[in-house]
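The block underneath contains the structure these notes are about, expressed in structure tokens.
The values are calculated or read from the model by the stated rules, or taken from the named source; none is laboratory data. Please read all numbers here as calculations on a predicted model, not as lab measurements. When we count neighbours, we look across all protein chains shown, and the Cβ atoms used for this are built from the backbone with ideal geometry, even at glycine. Just so you know, the surface numbers come from the protein's heavy atoms only, side chains and all, with ligands and any DNA or RNA stripped out. Shrake-Rupley method; radii C 1.70, N 1.55, O 1.52, S 1.80 Å.
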Amino acid sequence: LQCVSLIASLEIFKDVGMLKLRGKGQVLTGYMLMLYDKKLSGHVTAITPREPSRRGCQLSVTFDRAVKEMFEVLAASGVVCDMREPDVIRITPCPLYNSFKEVLTVVEILEACYSLSDEELRDLVSKAKASGEVLDLSKLKK
């Protein structure tokens with residue numbers, strides 16, 4: 001039974017093709033980098049190489065504020081990413097199933113975080129966890 005899902009997964013990769021996946025991955029990460037530069041300049045720094053040939057789909061970024069709060073807002077908003085102490089969040093727009101709209105949404109969530117204090121972010125995350133609901137982006141905007 002475990003092999004069934006693996007076989008299905010391999011079929012998808014075969015049908016789509018690794019070159020197409022790699023190409024979309026480069027464009028998605030390039031798009032995310034461009035959005036960081038345009039909307040979060042001075043707040044977010046990508047430490048992953050900018051040259052597409054030197055990176056995969058994962059982008060490692062640092063922030064000019066408490067990374068734990070930023071990570072918790074992303075997680076409470078339904079964004080799958082991970083945090084590495086002391087100050088890095090790794091975000092991977094996957095070319096097989098992530099869209100350009102989802103990449104934009106992640107950046108908009110981060111952008112909205114900068115309109116709130118760390119305390120306000122902690123309060124929003126706490127309320128989302130208590131209710132069991134995904135944090136709504138509109139609740140981040142002042």
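Please count how many residues of the range 100-116 are touching a residue at least 24 places away in the same chain (Cβ under 8 Å) and either in a loop (DSSP other than H, G, I, E, B) or open to solvent by 20 Å² or more (accessible area, probe 1.4 Å) (or both).
8
For the range 1-40, enumerate the residues that are within 14 Å of PHE100 (Cβ to Cβ) and of a type in the set (Ser, Thr, Tyr).
Of everything in the range 1-40, those that are within 14 Å of PHE100 (Cβ to Cβ) and of a type in the set (Ser, Thr, Tyr) turn out to be THR29, TYR31.
Could you tell me which residue of the range 86-99 is farthest from GLN26 (Cα to Cα), considering only residues that are open to solvent by 60 Å² or more (accessible area, probe 1.4 Å) and touching a residue at least 12 places away in the same chain (Cβ under 8 Å)?
Across the range 86-99, the extreme among qualifying residues is PRO86.
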